[in-house]
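Below is one structure, written out as structure tokens; the observations come after it.
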């Protein structure tokens, strides 16, 4: 049940040089993790990889546009496809969803988005992590749009406890050393909080002033994400 990486065709400064990743899991119940943006070329690439088989299930990690925007186009091509958006069993038992020739566990991982989930293939050790992690960059925590730093850090710990062999992210290459990267992420957030506290002690009084101190020369396109992440850190300071 080897996953097939299919790029969504939306490369940008925000989504990275290859855009959003979608992951096709072939088999009896072919499943696609995340939907991209509805690019016609992406839909054709999915159909080509399926080789005439139907797309049975679409597994959404969270409802940000670059991950869920392609749902209508994919549903138009495969009307019988089942959409999974991370239902959680209130009993506390893992929610299991068929995928390919096996099954994935749905792992709630709020923080980047309140509805964020990961899909864990325990048989292979692969964890499809959406926007929980990416190689070569950190994750924006969009405060004001459902992002929550404390929840994000707790979700990183939840992922680390699963001891996945690999992370298959929503952007960028496969992560073969999940524990090391998660450790770096947690240390980075600790350092960022210290930098924000130092900026405030140094006279910064607004989010924009903090951004200028911590992200000098940041592009206008990325500034919104920086402001949201600073706000998430500030909110985490409040007990």
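Each of 213, 224 was scored by other Cβ atoms within 10 Å of its Cβ. Listed from fewest to most, they are 224, 213.
Give me the number: length gained by fully extending residue 190 to residue 145, i.e. 0.36 nm times residue separation minus the C-alpha to C-alpha distance, one decimal in nm. It would help to have the intermediate numbers written out before the result.
Values: separation 45, 0.36 × 45 = 16.20 nm, distance 2.20 nm.
Extending this stretch completely gives an extra 14.0 nm.
Largest mean-square fluctuation among 138, 22, 109, in a Gaussian network model of the chain whose springs join Cα atoms under 10 Å apart, belongs to 138. Compared with the dominant principal axis of the Cα atoms in the chain, helix 178-201 is inclined by about 30°. Against the chain, whose longest principal axis comes from its Cα atoms, helix 220-237 is set at around 70 degrees. When 2, 132 are arranged by Cβ crowding within 10 Å, least crowded first, meaning fewest neighbours, the order is 2, 132. Fully extending the segment from residue 209 to residue 162 would add 13.0 nm, taking 0.36 nm per residue of separation and subtracting the current Cα-Cα distance.
How do 237, 95 line up, fewest other C-beta atoms within 10 Å first?
Working: 237 11, 95 17.
Starting with the residue having the fewest Cβ neighbours, the order is 237, 95.
Per residue, the convex hull spanned by the Cα atoms of the chain amounts to 123 cubic angstrom.
Taking the 0 to 90 degree range and rounding to the nearest ten, how far is the long axis of helix 40-50 tilted relative to the main principal axis of the chain, both from C-alpha atoms? In the chain, helix 40-50 runs at an angle near 50 degrees to the longest axis. Dividing the summed helix terms, -39500 (n - 2.57) for each DSSP H run of n ≥ 4, by the number of residues in the chain produces a 222 nm estimate of -11000 deg cm²/dmol to the nearest 500. Spatially, region 95-148 and region 191-239 are offset by 26 Å when compared through their Cα centroids.
Among 130, 203, 36, the residue with the largest mean-square fluctuation in a Gaussian network model of the chain, with springs joining Cα atoms closer than 10 Å, is 203.
Between residue 80 and residue 13, full extension at 0.36 nm per residue minus the direct alpha carbon distance yields a gain of 20.7 nm. Just checking the listed ones, 21, 39, 148: in the Gaussian network model of the chain with Cα springs under 10 Å, the one fluctuating most is 39. DSSP finds beta bridges in the chain, and of those with both partners inside it, around 70 percent are antiparallel. If a/c stays under 1.5 just call it rounded; otherwise compare a/b with b/c (prolate if a/b is bigger, oblate if not). Do that for region 1-125, with a ≥ b ≥ c from the square roots of the Cα gyration tensor eigenvalues. Judged from the Cα gyration tensor, region 1-125 comes out oblate (a/c at least 1.5, b/c at or above a/b).
Every number in this text was worked out from the coordinates using simple rules, so none of it is lab data. Quick caveat, the model's predicted, so the values are computed rather than measured. So basically every Cβ, Gly included, is an ideal-geometry build from the backbone, and we count neighbours across all protein chains shown.
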